[in-house]
Amino acid sequence: MKRVVLIICMLVLPVLGSPSLEAQTGRNYACISPSDTMQEIVEKAAHIVPSPQQYAWQKMEFNAFIHFGMNTFADVEWAKEKASPQLFDPTDLDCDQWVRVLKEAGVKMAILTAKHEDGFCLWPSKYTKYSVKYSPWKNGKGDVVREFVNACHKYGLKVGLYLSPWDQAEPSYGTPAYNRYFENQLTELLTNYGPITEVWFDGGKAPNYPKKQVYDWQAYYRLIRKLQPNALIAIGGPDVRWVGTESGCGRETEWDVIPIDLSSLNKTDIKNMSHPVDEVFRPHDMMDADLGSREKLRDAKGLFWYPAETDVTIRPGWFYHASQDTSVKSVAKLVDIYFSSVGRNSVLLLNVPPDKRGLMTEYDIKSLMGLHKVISEAFRDDFAKDATVEIDGEKGGAKASSLFGDGRYWTGKAGVDSTSLVFSLPEKRTFDVAMLQEEIQVGQRIGKFRIDYWNGKRWQKLTEGTTVGYKRLLRFDPVTTDRVRLVIERSRLNPTLGGFGLFELPPQYLDVKD
């Protein structure tokens, strides 16, 4: 199951680098000229930044998926035939309970499957009879989307809606008329329910399905930009991409700047377009281990900021099945997923499916709350917060608190793409987690780093990594020391650092086994 999301932001940045890059700075895309050298391409990549919406999305870190619909009541993952609307009849549907649980678990946005691939609509769409309007639930007067949106507003969560392009119930699917049908449903969802932060387009479709639909993606994008200009378009759109698996595990090396062919757009086109990438983007799988290295950039005809979302379900299936109540992922497994998604420059999208009653179950809630407890405790105390920082061996360093936080960030010397920062703690502390953050509003630049610790006699390597991006988390065996050295070995231009922290996972987590 691959999906799509919409999010929007605004950003004004100072001009960085050489004058030739002025036109690229502050944008989430860059054009590449055939005459550009490799170094010029890398410099352009280093200056590409997220849109304000993308930046706001990245800062959420942890969002939730809610798969609920006809498949819940048919007890299947993928519908093979159209089930009767009479089957949809939750006895105790309570969207307040869903959103309250997610809020308490630290989730920032929830995305509801308004229409999955079976075609059943959780709102009373006037364009089909396959919806809640023709179900026994609330005598056909109910609207799950409305109740979900109201609950999100009540508890302060951002709203996302999933609308599957693949529709097995709609007769016009496979014909040009379906595009209009799909746009009509998009219009309903994007005009009747208030602000939508993310629009999710699933990319999944059975390979042997007999009907083939030519989707008018550009028309969908234009409609979304018009009706919800502050929304992000994900997975099947140009704002957020699928990480490539549903395991909850992101790449060890995750570049946000990815090649795209912008050569068909001339300077006048780009100047007059608010979203030029929309006009050339086509949904496609991006599952390679390497998406944004120098090698990938070498023959690029354009670049754009395209961050990864890591989706995974808390159960074996995406929809609720009673047989899986004892197979909910453990707290320890969810913590592993958190470190492998949020900790690898991605946003975690964790699916928590309500049951046939219309409620999240005690099994899922227990694991969710356990995850929240571990993460909250682990990142409560930053042992590097009061450290003194020496940069490149210069004496008389600054306090870490004066370098990072509240919009402050450190930037390396212009023209220098490697450096080291020594963090001297006020006292010896024991820790097993390190956090790095770049200031991505300047760009993503760090390509390789390592962390050393002073063992009392010499520097000893603790851990290492490649990309950082918005956030990188690394776990290692506990060490006790009062000095840590961050060595940035390779960077695209001079590196930036928006945060550095040292933490300790709570002991009770270490005792939990899957």
Exercise for review: Identify the residues of segment 34-52 with backbone N under 16 Å of a label point that sits 7 angstrom from the Cα of LYS301 along the Cα-to-Cβ direction, or state none.
Suggested key: 34-36
Revision key, fill the gap. Distance in nm between ALA206 and SER84 label points, each 7 Å along Cα→Cβ, equals 2.2
Point to revise | Semi-axis lengths (Å, descending) of the ellipsoid that matches the C-alpha gyration tensor of segment 374-490 | key: 20, 17, 15
Practice item. Using 0.36 nm per residue of separation minus the Cα-Cα distance, give me the extension gain between LYS126 and THR430 in nm, one decimal. Key: 103.4 nm
**Study point:** Inter-probe distance in nm under a simple model that places probes 7 Å from Cα toward Cβ, at ASP386 and ASP482
**Key:** 1.2
Exercise for review: Multiply the residue separation of ASN266 and ARG408 by 0.36 nm, subtract the distance between their alpha-carbon atoms, and state the gained length in nm to one decimal.
Suggested key: 47.4 nm
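What is the extension gain from ASP92 to ARG475, computed as 0.36 nm multiplied by their sequence separation minus the C-alpha to C-alpha distance, in nm to one decimal?
On the way: separation 383, 0.36 × 383 = 137.88 nm, distance 4.20 nm.
Contour length minus Cα-Cα distance gives 133.7 nm.
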Check your understanding: For segment 388-510, what is the charge dipole size about the Cα centre, in debye to the nearest 20, if Lys and Arg each add +1 at the Cβ and Asp and Glu each add -1 at the Cβ?
Key -> 220
Check your understanding: Which of ALA398, THR466, MET435 sits farthest toward the positive end of the charge dipole of segment 388-510, with +1 on the Cβ of Lys and Arg and -1 on the Cβ of Asp and Glu?
Key -> THR466
Exercise for review: Specify the inter-centroid distance of segment 338-376 and segment 108-185, based on alpha-carbon positions, in whole Å.
Suggested key: 24
Study note, to complete from the structure: Note to self: C-alpha centroids of segment 438-503 and segment 187-210 sit apart, in Å, by 39
Review point. Spin-label point model (7 Å from Cα, Cβ direction): what's the GLU377 to MET286 distance in nm?
Key: 3.8
Review point. In terms of Cα to Cα distance under 18 Å, which aspartates and glutamates are near enough to LYS457, apart from those fewer than 8 places away along the same chain?
Key: GLU427, ASP482
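Under a Cβ-Cβ cut-off of 14 Å, what is the net charge of the residues other than LYS271 that fall near it, where Lys and Arg count +1 and Asp and Glu count -1?
Net of charged neighbours comes to 0.
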Check your understanding: Considering only Cα-Cα distances, which of the following residue pairs are longer than 24 Å: LYS80/LYS211; LYS108/LYS133; LYS205/LYS301; LYS59/LYS154; LYS154/LYS333; LYS108/LYS271?
Key -> LYS108/LYS133; LYS205/LYS301; LYS154/LYS333; LYS108/LYS271
Review point. Per residue of the chain, what 222 nm ellipticity follows from adding -39500 (n - 2.57) for every DSSP H run with n ≥ 4, rounded to the nearest 500?
Key: -6500 deg cm²/dmol
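Give, rounded to the nearest 20 debye, the magnitude of the charge dipole that the chain has about its Cα centre when Lys and Arg contribute +1 at Cβ and Asp and Glu contribute -1 at Cβ.
Numbers: 65 positive and 66 negative charges, 99 e Å.
For this selection, approximately 480 debye.
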Check your understanding: In the chain, what percentage of the DSSP-assigned beta bridges are antiparallel, given to the nearest 5?
Key -> 65
Check your understanding: Hey, any idea what the orientation-averaged projected area of the convex hull of the chain's Cα atoms comes to, in nm²?
Key -> 24.3
Revision key, fill the gap. Ranked on Cβ counts within 10 Å of their own Cβ, fewest leading, THR430, THR268 go THR268, THR430
Review point. With r defined as the distance between the Cβ atoms of ALA322 and ALA398 and R0 fixed at 45 Å, what FRET efficiency is calculated, to the nearest 0.05?
Key: 0.20
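Could you please report the charge total around GLN185, scoring K, R as +1 and D, E as -1 over all other residues with beta-carbon less than 12 angstrom from its beta-carbon?
Numbers: positive: LYS115, LYS126, ARG180; negative: ASP167, GLU170, GLU183, GLU188.
It works out to a net charge of -1.
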Revision key, fill the gap. So the FRET efficiency between ASP216 and VAL416, C-beta based with R0 = 51 Å and rounded to 0.05, is 0.60
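Laboratory data are not the source of any read-out in this text; all were calculated from the coordinates shown. Please read all numbers here as calculations on a predicted model, not as lab measurements. Counting neighbours? That spans all protein chains shown, and the Cβs are built from the backbone with ideal geometry, glycine included.
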